[in-house]
1. Quick check on the exposure proxy: order THR46, THR53 from fewest to most C-beta atoms within 10 angstrom.
2. Mind telling me which of TYR85, TYR48, TYR20 comes out most flexible in a GNM of the chain, alpha-carbon contacts under 10 Å?
3. Return the single residue from ALA78, ALA96, ALA42 with maximal mean-square fluctuation; model: Gaussian network over the chain, springs between Cα atoms under 10 Å.
4. Which of these, GLN29, GLN54, GLN99, has the largest mean-square fluctuation under a Gaussian network model of the chain (Cα springs below 10 Å)?
5. Beyond 25 Å, what share of the Cα-Cα pairs of the chain is found? Please give it as a whole percent.
6. Quick one: putting +1 on the C-beta of Lys and Arg, -1 on the C-beta of Asp and Glu, what dipole do you get for segment 5-104 around its Cα centre, in Debye to the nearest 20?
Amino acid sequence: MNRGELYRVTHPSAHDPRKYRVFVVVSRQTLIDSRFSSVICAPLYTAYDGLATQVPVGPDEGLKHDSSIQCDELVSLAKSVLVNYIGTLPPAKIEAVNQALRVALDIPDWGQD
């Protein structure tokens, strides 16, 4: 399992009306490789509102529909439910997710002027 990978999760929570939802792993690789049983993920939704905390994705990333990664809705998921691998985000999308996470978590981008 690696940061930036997409997984389809069946019945992700009791309050989610969908039978499955796609998530992208956003935890740092050190945590993913550790003995901890869960990782931080961001859900994907078909809605895209153009917010700075959303990253558009779609068929180029192995999905059936245009969707968006919702960095305002981070969740901790057990590694054991991340078994239905879909694909891996390309480097440019991972950087877009990094920027969306900085916005969502109000973390300054120290590398920019």
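1. Numbers: THR46 11, THR53 19.
Least crowded to most crowded, the residues run THR46, THR53.
2. TYR20
3. Result for the chain, Cα springs under 10 Å: ALA78 fluctuates most.
4. GLN29
5. Details: 1051 of 6328 pairs.
Considering the chain, 17 percent of its Cα-Cα pairs are separated by more than 25 Å.
6. Working: 10 positive and 10 negative charges, 71 e Å.
For segment 5-104, the charge dipole is close to 340 debye.
No value in this document is a laboratory result; all are computed from the given coordinates. Everything quoted here is computed from the prediction, not taken from an experiment. Because the Cβ atoms are built from the backbone with ideal geometry, glycine has one as well, and the counts that use them run over all protein chains shown.
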